[in-house]
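The values are calculated or read from the model by the stated rules, or taken from the named source; none is laboratory data. Since we're looking at a predicted model, the values are computed, not measured. Don't worry about glycine lacking a Cβ; one is built from the backbone with ideal geometry, like all the others, and counts go over all protein chains shown. Areas reflect the complete protein model, heavy atoms only, side chains present, ligands, DNA and RNA absent. Shrake-Rupley method; radii C 1.70, N 1.55, O 1.52, S 1.80 Å.
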Amino acid sequence: MDISGSIAWHERAQQSIPGGVSSPVRAFRAVGGTPRYFVRGTGSKVFDIDGNEYVDLVGSWGPMILGHAHPHVIEQVQRTMRDSFSFGAPGPNEVLLAEEILRRVPACDRVRFVSSGTEAVMTAVRLARAATGRDLIVKFAGCYHGHTDALLVQAGSGVATLGLPNSPGVTKGQTQDTVVLEYNDEAGVRELFAQRGSEIAAVLTEAAAANMGAVPPAAGFNRLLSELTQAHGALLVLDEVMTGFRISRAGWWGKYGTQENWQADLYTYGKVIGGGFPLAAVAGSARIMDQLAPAGSVYQAGTLSGNPVAAASGLATLEMCDAELYQTLDLRAAQIGSGISAALSQAGVAHSFQTAGNLFSFFFTPNPVSNYVQAQRQNTKQFSVFFNSLLSQGVSVPPSAYEAWFVSGAITDSDVERVLAASVVAAEAVIAAGE
Ligand SMILES: Cc1ncc(COP(=O)(O)O)c(C=O)c1O
């Protein structure tokens, strides 16, 4: 595979951009090799600057749920753009998108738009502290909620990929009100509430952990968080930036919260709701959300928040996210996930194939992973060999052992066959490398 164009651009990029990238995991530091410079995408495929074609199982880390350059989204975005890109004033598109979100998530009455998942969670935390008059935030090791200072403690995703415990530049003061517990540790949560329940403003959790690889909540875990927060006057902030509108038409909560009969107080969204444009949101009951300025006194703002083009893209994307699409995503995730797992088993590679709805990932360890300590026991060298073999065969998956894989509705039967054939070769490469 000729990747000379990507190599040249990446050398050039490092002269002007730290590490050559706008977000760390993209640099391939954990897996080695050169990141591909993608210049075009259509449906399930992406093409690099050298003209190589890849089946895309990254999907821009979630937003491209319909695949690339979906005609309906292009049409709505182009129609909006002809009348300008931004006004910094209220507009109909954001109202229509808010209404669509609320139709899907009846647990919420109000939505406030921001431009990134980081901002959405930051706003939810501020709101939770203001609404409760308390300071303490509880998060779980290996859960990533964006790069806001107070939450960059034992965060998953890029921080895990680079092996950083925490980031320099985050002061003790900024994290002193953040308590980190092990994910899925019911006893730990109960104990903390028993000791400090009246100080806790919010428990913040990924609806299903997917930033340390796919680690679903244990049966009853989210429900316990909901019950304990309620009993102690704290709030549950359910981070659905990854899972929102991907796992079901109403996200993880829409599938499992309704089945298991629990709710959160605040929900954060991103990725799918912008359809590939920068857009994210925090949502919740009117009682809490109306504390945001100007309805209330909790300040939050953004020059490009609710941008009409981003909102048009999000709305057009959600319009295509119907029952059939979710069935397709589940099917493709099952075909690809279990097919790859079979290829690894066949080659004799010990692994744990894990799913969280239609998100999935492979830990190169024989034992199931239910928290961050266990996730860190995986053999990341084996993952790197597997990753690089897949990539060289035209299959693009997340360049980190700590990330979930994303399917799109555009994946075809022949894509599945291609991915599975590549995975047989990649599994053999793992054994041959002897890592
Ligand atoms: C669960 C979760 N929360 C928050 C974020 C941060 O979103 P953004 O990268 O848009 O700031 C992410 C990003 O991957 C995420 O997965």
Query - Test for residue 282: is it within 14 Å of the ligand (Cβ to nearest atom) and not in a helix (DSSP H, G or I) - result: yes
Requested in this report: Being within 16 Å of the ligand (Cβ to nearest atom), assigned to a helix (DSSP H, G or I), open to solvent by 40 Å² or more (accessible area, probe 1.4 Å) and in contact (Cβ under 8 Å) with a residue 60 or more places away in the chain is the filter here, so list the residues in region 92-128 that pass it.
Outcome: 119, 126
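Any idea which residue in region 226-240 is nearest to the ligand (Cβ to nearest atom), counting only those that are touching a helix residue (DSSP H, G or I) at 6+ places or on another chain (Cβ under 7 Å) and open to solvent by less than 20 Å² (accessible area, probe 1.4 Å)?
First, the residues of region 226-240 that are touching a helix residue (DSSP H, G or I) at 6+ places or on another chain (Cβ under 7 Å): 228, 232-240.
If we keep only those that are open to solvent by less than 20 Å² (accessible area, probe 1.4 Å) as well, we get 234-240.
Details: 234: 20, 235: 17, 236: 15, 237: 10, 238: 10, 239: 4, 240: 7 Å.
My answer is 239.
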Query raised in the report: Going by the conditions given, is residue 383 open to solvent by less than 20 Å² (accessible area, probe 1.4 Å) and out of contact with any Pro (no Cβ under 8 Å at 6 or more places or on another chain)?
Result: yes
Requested in this report: Determine if region 294-304 includes at least one residue that is assigned to a helix (DSSP H, G or I), among the hydrophobic types (A, V, I, L, M, F, W, C) and in contact with a strand residue (DSSP E or B) (Cβ under 7 Å, 6 or more places away or on another chain).
Outcome: no
Query - region 213-269, residues that are over 17 Å from the mean Cα position of the chain (by Cα) and among the hydroxyl-bearing types (Ser, Thr, Tyr) - result: 226, 229, 256, 258
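Residues checked against (1) surrounded by fewer than 20 Cβ atoms within 10 Å (Cβ to Cβ); (2) among the β-branched types (Val, Ile, Thr); (3) in contact (Cβ under 8 Å) with a residue 24 or more places away in the chain:
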position	(1), (2), (3)
253	no, no, yes
261	yes, no, yes
265	no, no, yes
320	yes, no, yes
338	yes, no, no
368	yes, no, no
Query raised in the report: In the set 179, 203, which member is of a type outside the set (Lys, Arg), modelled with pLDDT of 95 or more and either open to solvent by less than 30 Å² (accessible area, probe 1.4 Å) or within 14 Å of the ligand (Cβ to nearest atom) (or both)?
Result: 203
Report summary line: Note on residue 25: of the conditions (1) open to solvent by 30 Å² or more (accessible area, probe 1.4 Å); (2) farther than 28 Å from residue 325 by Cα, unmet is (1)
Requested in this report: Identify, by number, the condition in (1) over 19 Å from residue 415 (Cβ atoms); (2) open to solvent by 20 Å² or more (accessible area, probe 1.4 Å) that residue 288 doesn't meet.
Outcome: (2)
